[in-house]
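Chemist: Attaching a single structure in structure tokens format; questions to follow.
The values are calculated or read from the model by the stated rules, or taken from the named source; none is laboratory data. Here the structure is a predicted model, which means the values were calculated and not measured. Here the Cβ positions follow ideal geometry from the backbone for every residue, glycine too, while neighbour counts run over all protein chains shown.
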Amino acid sequence: MGVRPGCLHWPNEKTKSMNSWLHFAFLLAVEPPPADPPSPWGSLIPPMIMIAVFYYFMLLRPRAAEDRKRKAVLDGLKKNDRVVTAGGIIGTVAQVSNDGQEVTLKVDDSTRIKFRRSSVSSVLTDEKDDAAKS
């Protein structure tokens, strides 16, 4: 009941080398084991950084520049400047308080109104003044 000589199952030198060659070819054909799946944070962080940079350059930086200009205008208020308040009142600065927080506007010959300095929206120049009169 043994295995007959010449049968494919009979271990001899030829079949041993063929088996090792087939084993090597099989190892080359097998796909490598799958790598660990990438972290979801790796695909989310670059877009989040891009959104933050976009937000800074499109919203925060221009707003800060406007705030600096407005602060410079308010700090430079002096007597006889023509200004427009947030409520739309046009007047001339008659007095700036000692602490610099209040401004007295001369609206008419006999009308003076006190405002907070922060309620002054803009200072009128000659060009703006000409446009307001027309």
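Chemist: Can you name the residue in region 49-106 that is hydroxyl-bearing (S, T, Y) and assigned by TED's automatic domain parsing to the domain that holds V123 and, of all such residues, is surrounded by the fewest Cβ atoms within 10 Å (Cβ to Cβ)?
Modeler: S97
Chemist: Looking at (1) charged (D, E, K, R); (2) surrounded by 12 or more Cβ atoms within 10 Å (Cβ to Cβ); (3) more than 25 Å from E66 (Cα to Cα), which one does D109 not meet, given that it meets all the others?
Modeler: All conditions pass for D109, except number (2).
Listed here are the residues, each with its yes/no results for (1) modelled with pLDDT of 75 or more; (2) closer than 30 Å to R112 by Cα.
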{"residue": "F26", "(1), (2)": "no, no"}
{"residue": "P32", "(1), (2)": "no, no"}
{"residue": "Y56", "(1), (2)": "yes, no"}
{"residue": "R70", "(1), (2)": "yes, yes"}
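Chemist: Next question. Kindly establish whether N98 is at positive phi and either assigned to a loop (DSSP other than H, G, I, E, B) or of a type in the set (D, E, K, R) (or both).
Modeler: no
Chemist: Output the number of residues of region 80-106 satisfying the condition of being touching a helix residue (DSSP H, G or I) at 6+ places or on another chain (Cβ under 7 Å) and under 20 Å from D126 (Cβ atoms).
Modeler: Qualifying residue count, region 80-106: 3.
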